[in-house]
Amino acid sequence: MVRKATNNLLQKAKKSKSDEFYTQLCDIERELQYYPNCFSGKVVYCNCDDPKVSNFFRFFKENFQRLGLRKLIASFYKEQSNNLFQMQVDERPYYCEYDGSDENIMIGHFHGNGDFRSKECVDLLLRSDVVVTNPPFSLFREFIAQIVRYNKQFLVIGNVNAITYKEIFELIQGNKAWLGINLGRGISGFIVPSHYQQYGTEISVNKEGQTIIATNGCLWLTNLELKQRHDDIILTKCYYGNEEAYPTYDNCDGINVNKTQDIPKDYAGLMGVPITFLHKYNPEQFEIVKFRKGDDGRDLCINGKCPYFRILIRNKRILRHDSVPLSNVCAGEMNIMVN
């Protein structure tokens, strides 16, 4: 219940446009270890990050040489005062460019507020190769759409429900984006301002005095190559002989599978799996056919009841021969697996 409560906080933040959830250095280090060769010779842009406090900027600055970066850029949004005449120059939104030398950190001030959608920030984006940041959850669709529009590589944190957004799902289905390594409890928590409403008991204060709220409702989304995403899901269950465990949908010629680990190895037709399947999805092993809807355009349902969001998939490693039964596959009497 505690975890559900903290996930509610993310939803409240989305609705209220309160996006001050800052990523911990430990979570950045835990994820970035899987992309050791993705940044060599590239310009990394953290476009939702105040260089003074951002752990993304800190990570890339401290690991600049090891990762082989060409340049690091960071910029952030800052709400501007209504009285611009009283604003000091050093209070204006700014960006930072770092080339690996502590003696050569360039600071530039924006004329605007540093919003990632502004022309000034887009100009910086055009000079970059990879975007790595924790974007505003309330603007996640727009943020990803911009990155895709300008054909940039990216690694970002988002709410796990982002998988259900039509625009994001289409990227995953088209093999243009995929989930990173850490998901749910693999992301330990976010730094939040002290004035944020706090739920549950999974709240702590770190040694710097920062408030940390844990949640299992987040994921990493990326288009940086991961060798892990080409690992097969090991299938151990059988459909034939256990048909009662896999009910068919009322409005689709397919079966329901409640857990990724329960995907049968002998079924060639459509299977509805939970959205967490995408964390283990190998595009060489499975085809993503459709999201959520049955043949009638309505949510998939079983005996009139709709399970939580399902993704319709098909096993690409099984050849489908309509005239040949598959019921003997698990018994070893027939081999129809693609080599």
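Working out 0.36 nm times the residue gap between H111 and S188, then minus their Cα-Cα distance, what length gain in nm do you get to one decimal?
Working: separation 77, 0.36 × 77 = 27.72 nm, distance 3.63 nm.
Length gained between H111 and S188: 24.1 nm.
Which whole number in µm²/s is D for the range 164-266 by Stokes-Einstein, with the Kirkwood Rh taken over Cα pairs at 4 °C and 1.567 mPa s?
It comes out at roughly 73 µm²/s.
Need the full-extension length gain, Q228 to Y165, defined as separation in residues times 0.36 nm minus the C-alpha distance. One decimal, nm.
Roughly 20.3 nm would be gained on extension.
Non-local amide H neighbours of C46 (under 5 Å, H modeled in plane, Pro and chain starts lacking H): which ones?
The list, which skips near neighbours in sequence, is I73, A74, S75, V132.
Which of the pairs K227/K259; K42/K152; K176/K290 have their Cα atoms more than 19 Å apart in this structure?
Violating the 19 Å Cα-Cα cut-off are K227/K259.
Can you compute log10 of I(q)/I(0) for the range 127-217 with the Debye formula, treating each Cα as one identical point scatterer, at q = 0.10, 0.12, 0.15 Å⁻¹?
-0.33, -0.46, -0.69
Per residue of the range 292-309, in order, report the coupling 6.51 cos²θ - 1.76 cosθ + 1.60 (Karplus, θ = phi - 60°) as ³J(HN,Hα) in whole Hz, putting x for Gly and Pro.
With the stated coefficients, the range 292-309 comes to 6, 9, x, 5, 8, x, 9, 4, 4, 9, 10, 6, x, 10, 9, x, 4, 2 Hz.
Percent of accessible area on the range 206-276 owned by carbon and sulfur, 1.4 Å probe? Can you show the working numbers first?
Values: 1480 of 3120 Å².
Reported share for carbon and sulfur atoms: 47 percent.
Report the extension gain between V53 and E29 in nm, rounded to one decimal, defined as 0.36 nm multiplied by the number of residues separating them, less their alpha carbon distance.
7.0 nm
Distance in nm between label sites at E103 and R70, each 7 Å beyond Cα in the beta-carbon direction?
Here the answer is 2.4 nm between the modelled labels.
In terms of modelled amide H atoms, which long-range or inter-chain residues lie less than 5 Å from the amide H of C218?
For C218, the qualifying residues are V160, G184.
The values are calculated or read from the model by the stated rules, or taken from the named source; none is laboratory data. All values derive from a computational prediction rather than experimental measurement. In this analysis, Cβ positions are derived from the backbone assuming ideal geometry, glycine residues included, and neighbour counts consider all displayed protein chains. These area figures cover heavy atoms from the full protein model, side chains too; ligands, DNA and RNA do not enter into them. Shrake-Rupley method; radii C 1.70, N 1.55, O 1.52, S 1.80 Å.
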